[in-house]
1. Cβ-Cβ distance below 6 Å, separation of 6 or more or different chains: which pairs start in the range 165-178 with a residue that is in the same structural domain as residue 109 (by TED's automatic domain parsing) and under 22 Å from residue 134 (Cα atoms) and end on one that is among the hydroxyl-bearing types (Ser, Thr, Tyr) and at pLDDT 85 or above?
2. Looking only at the range 45-72, which residues are modelled with pLDDT of 90 or more and closer than 17 Å to residue 141 by Cβ?
3. For the range 283-318, name all the residues that are among the aliphatic types (A, V, I, L, M) and at pLDDT below 80.
4. Within the range 203-216, can one find any residue that is surrounded by fewer than 17 Cβ atoms within 10 Å (Cβ to Cβ), free of Cβ contacts under 8 Å to residues at least 24 places away in the same chain and acidic (Asp, Glu)?
5. Give the residue that is surrounded by the most Cβ atoms within 10 Å (Cβ to Cβ), with candidates limited to residues of the range 102-157 that are of a type in the set (Ser, Thr, Tyr) and in a strand (DSSP E or B).
Amino acid sequence: MAFFDFLSGQFIDVIHWTDDTRDTMVWRFERQGHEIKYGAKLTVREGQAAVFVHEGQLADVFTPGLYMLETNNMPVMTSLQHWDHGFKSPFKSEIYFVNTTRFSDLKWGTKNPIILRDPEFGPTRVRAFGTYTVRVGDPARFMAEIVGTDGEFTMDEISSQIRNIIVQEFSRVLATSGIAVLDMAGNTADLGRLVAEKISGTITGYGLEIPELYVENISLPAAVEAALDKRTSMGVVGDLNRYTQFQAAEALGAAGGAAGSAMATGMGAGLGMAMAGQMAQVGPWGARPAAPPPPPPVEHVWHIAENGGTKGPFSKASLGRMASDGNLTRDTHVWTQGQDGWKRAEDVAELAQLFTVLPPPPPPGV
C-alpha cells in the first residue's frame, strides 16, 4: 500500500494558484520535498507571474499562460529516475507565484508636521495624508531584494517601508516647491505626480511600481486655521457700518416682538445705537478705537507771603497783573501745592517769565 502511495505522488503535478486574500503578494507552491516533476503543468493566470527557483538560484520567470515543465534547459527530474538515492531526488526546485495586480487604497501620512517657509505666512507647519497604489513590476528583482525565501509574503510587510519613502520625499518636495499654503489645495494633483516621480528610483530598486499617488489633504495647525476662519468671517461681513445697522434693526425687531411694549422697543433701539456707536470705531479687522486726547494741564494757584501773613490764592493771570502794577516783585515769596517750601517769584520757572517784560531794578547808587 505504501508503494502505491509513493507512485501516486509521482504523477504529473498541476501547479497553479488562486488568491482570495486581497493582500498576498507572493505565495510559494508547496510540494513535498520541493520536488517538481518532469512534465508538470504550470498555469499562470492574468495578474500573476511565476518565479522558478532551482537549487537556490532563480532560473526563470513565467508570464501568464500554460507551460509544460519538460524542456532540457530546466533541470527538473522525477524521483523515479534516482533509485540509488532512495527515491529522493537531489534536485530541489521551488515555484513562487507573484501577484502583479495593483494593491490599492493604501494609506500614507506625515507623523510629524512639516516645517516650510510660506511666502505669505512665513514659517508654517503643515500635515498631509493621502493614498497610493503599488504593484510588482519586476518579479525577479522583488524576489531577490525583498521576499527571499518567504513562503507567503503580504502587503503589510512592505507597506511601512513604502510609507516612509513617500513621506520623506513628500516633505522634501513640499518644502522646496515654493507653493503658498493657500494654493496647495489646487496643486495636490501636481504634488502627487511629482512625489511619485521622485520616489520611482528607490521603488524600482525593490522591483515595485507606484502607478498612482494621491494627496488628499494638507492641513495647518488648529490655531492657524482658527485665525483664517476669523479672517474669512470678516471678509464675508464686508461693510461693517451696514452690518451694524442690520444687526441693530434685527435687535429692535426681536426686542419689540418679544416684549410687546414701548419700553422693550426703546431698550432694543438703545442697544442697537450703542452697538452702532461702538462698532463704527472698529476697523475692518477688529482694530481698537482711537485713544481719547489727554486731559488739559491743571492750572496752579499761588499764595503770597506779605507782612508775616499770606494772601491768595491767585491765578497766574492775576499774578501777571500784579507784576505789572508793581505789587508782585522778583523777591516776593510765593507757594503753590506740591512746591517744596516758599520760593522767590523769579526762582519759579512758571512765574519768572512774568518779569521778562519788565526791566530789572536799577543797581544801587545809580
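1. Note: pairs meeting the criteria are 165/202; 167/110.
2. Those that are modelled with pLDDT of 90 or more and closer than 17 Å to residue 141 by Cβ: 48, 49, 50, 51, 61, 62, 63.
3. 287, 290, 291, 298
4. For the range 203-216, residues surrounded by fewer than 17 Cβ atoms within 10 Å (Cβ to Cβ), free of Cβ contacts under 8 Å to residues at least 24 places away in the same chain and acidic (Asp, Glu): absent.
5. Among those residues, the one meeting the criterion is 132.
The values are calculated or read from the model by the stated rules, or taken from the named source; none is laboratory data. Here the structure is a predicted model, which means the values were calculated and not measured. Methodologically, a virtual Cβ is constructed for each residue, glycine included, from the backbone with ideal geometry; neighbour enumeration extends over all protein chains shown.
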